[in-house]
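Report on one structure; see the data block that follows.
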Amino acid sequence: MAGRLGDRATPHRRRLAGAERRDLLERLVRRRRGDVRRLPRGRDQWGRTLPVSGVPVLLEGAALDVLVVGGGPVAVRKAAAFAVAGASVRVIALAPTPAMRELVRTVGVSLSERAYERGDIGGAALVIAATNEPATNAAIAADARASSRLVNVADAPEDGSFATMATHRAGSLVVGVSAGGVPGAAARVRDAIARRFDERYGRAIAGLATLRRSMLHRGASGEWRALAADVIDEQFCDAVESGTLDERVAAWR
């Protein structure tokens, strides 16, 4: 009986995993946000649509324990990004570069000068395999997966479970860019975004965040929703860049 029920359920699951599932998700999104903006999707050599499987998330740095294995430029860059975000970062490197030593001195990253060993993952929530030895990186990734930890493999991103993004910060505004494993392209796009979305946006968003907290604290959630609908509209970016956003917000104070 269980086998027959499973056989009948399989086609239904397949439908929901395909076009019907996408249609359902789009209908749900439309109820909340209006029409879904469709983006061009890549195709493989047979013309089939390639799904986008990456899920962008914003992690709270102060809540993270991160292990970085490697002492070269890539390891330095990744360790620095997490340390600046407030994460607790451990580095294991057999031959750390001067830049890594400087990072240890300036931001408090802990450093163990030795080779990676099984069991080093410990309580790390995120693991970065960034040595110059592919076999070592593969072993680190295998250990991380066996421990159900997220791992980034610097020389083979497809072998990991997450990737870091080229990031632009302007106050509370954080924009991350991923470009299919081509970091140079991601950095170029990030820089183009940064040229427009500068500190003006950081200040504007900080002001709105303060106002939102104040209004919600005094129980004016309906008033906040009305303000947000009026102020954070299609002219929001123009208002930030022209300096008129403050006037629009002031009318609600």
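Observations on the structure shown:
- The one condition from (1) out of contact with any helix residue (DSSP H, G or I) (no Cβ under 9 Å at 6 or more places or on another chain); (2) part of a helix (DSSP H, G or I) that V249 does not meet is (1).
- Identification of strands (runs of 3 or more DSSP E) wholly contained in the stretch 132-206 with 3 or more residues that are touching a helix residue (DSSP H, G or I) at 6+ places or on another chain (Cβ under 6 Å) yields 166-170, 173-177.
- Filter result for G202 (closer than 27 Å to P56 by Cα and either surrounded by 12 or more Cβ atoms within 10 Å (Cβ to Cβ) or not basic (K, R) (or both)): yes
- For the stretch 165-194, taking the residues that are out of contact with any strand residue (DSSP E or B) (no Cβ under 6 Å at 6 or more places or on another chain) and β-branched (V, I, T), the one that is surrounded by the most Cβ atoms within 10 Å (Cβ to Cβ) is identified as V174.
- Scanning the stretch 232-244 for residues that are under 28 Å from the mean Cα position of the chain (by Cα) and either in contact (Cβ under 8 Å) with a residue 40 or more places away in the chain or part of a helix (DSSP H, G or I) (or both) yields F236, C237, D238, A239, V240, E241.
- A220 surrounded by 12 or more Cβ atoms within 10 Å (Cβ to Cβ), under 24 Å from the mean Cα position of the chain (by Cα) and modelled with pLDDT under 95: no
- Conditions (1) assigned to a helix (DSSP H, G or I); (2) surrounded by 12 or more Cβ atoms within 10 Å (Cβ to Cβ); number of the one not met by A229: (2)
- Answer residue from the stretch 78-100, given it is crowded, with 17+ Cβ neighbours inside 10 Å and in a helix (DSSP H, G or I) and is farthest from the chain's Cα centre (by Cα) among those: M100
The values are calculated or read from the model by the stated rules, or taken from the named source; none is laboratory data. On a predicted model such as this, the values are computed, not experimentally measured, just so you know. Please note: Cβ atoms are built from the backbone with ideal geometry, for glycine as well, and neighbour counts cover all protein chains shown.
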